[in-house]
């Protein structure tokens, strides 16, 4: 983090009164966006908010992993909220799934460092963070709920949910890592690319 960035953060997030945890997570998201996971620490957070590291250790985050878990949990909450909003009003199951997938990809590309933290090795052991584990499943639950409205129903719904979510997350990861671009497949937009790939499951989405 440059001296200018430090000064900007200190000015923007200097803590006075109120919810310290909320202020800390807001500042942490900004640090993550600018400097990545490597630049996010309790020391950097303390400088940004004007609060001593001890205050965080004693009242909110026992270590850096707990800080990262709190930030990731916020990310999963925002992802699920965006997906739900973007899929509202979809006329049928296939359209709803398409909108959920496009929203998932859009969130990841617009919040790349946050998305990488959410699914990164830093938080691979979610058993340590039960609330995070529960929140992380919300996007999967949205896909599952959308598929439950199919006329077909049946036992295969569970397997179809896994298949659709795996496709959605796999495509997103490839796009975020810049290993895949819609243009490579003759389409101009993410929406068109998703529509074509989800369309392969068309007969299972009615």
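The values are calculated or read from the model by the stated rules, or taken from the named source; none is laboratory data. Nothing here was measured: the structure is a model prediction, and the numbers come from that model. Note that each Cβ is placed from the backbone with ideal geometry, even for glycine, and that neighbours are counted across all protein chains shown.
Taken as a whole, the stretch 149-166 holds no residue that is under 30 Å from residue 41 (Cβ atoms), surrounded by 15 or more Cβ atoms within 10 Å (Cβ to Cβ) and not assigned by TED's automatic domain parsing to the domain that holds residue 28. Can you confirm whether residue 36 is at positive phi and assigned by TED's automatic domain parsing to the domain that holds residue 196? No.
Conditions (1) surrounded by 14 or more Cβ atoms within 10 Å (Cβ to Cβ); (2) part of a helix (DSSP H, G or I); (3) outside the structural domain of residue 24 (by TED's automatic domain parsing), marked per residue:
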| residue | (1), (2), (3) |
| --- | --- |
| 43 | no, yes, no |
| 47 | yes, yes, no |
| 85 | no, yes, yes |
| 90 | yes, no, yes |
| 96 | yes, yes, yes |
| 132 | yes, yes, yes |
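Can you find a residue in the stretch 19-30 that is in contact with a helix residue (DSSP H, G or I) (Cβ under 9 Å, 6 or more places away or on another chain), exposed (fewer than 14 other Cβ atoms within 10 Å of the Cβ), under 20 Å from residue 129 (Cβ atoms) and not assigned by TED's automatic domain parsing to the domain that holds residue 113? Yes, the stretch 19-30 contains a residue that is in contact with a helix residue (DSSP H, G or I) (Cβ under 9 Å, 6 or more places away or on another chain), exposed (fewer than 14 other Cβ atoms within 10 Å of the Cβ), under 20 Å from residue 129 (Cβ atoms) and not assigned by TED's automatic domain parsing to the domain that holds residue 113. Taken together, the criteria exclude residue 133 from residues that are touching a residue at least 40 places away in the same chain (Cβ under 8 Å), on the phi < 0 side of the Ramachandran plot and out of contact with any strand residue (DSSP E or B) (no Cβ under 6 Å at 6 or more places or on another chain). Taking the criterion of being in contact with a helix residue (DSSP H, G or I) (Cβ under 8 Å, 6 or more places away or on another chain), part of a helix (DSSP H, G or I) and exposed (fewer than 15 other Cβ atoms within 10 Å of the Cβ), the residues of the stretch 167-192 that qualify are 185, 192.
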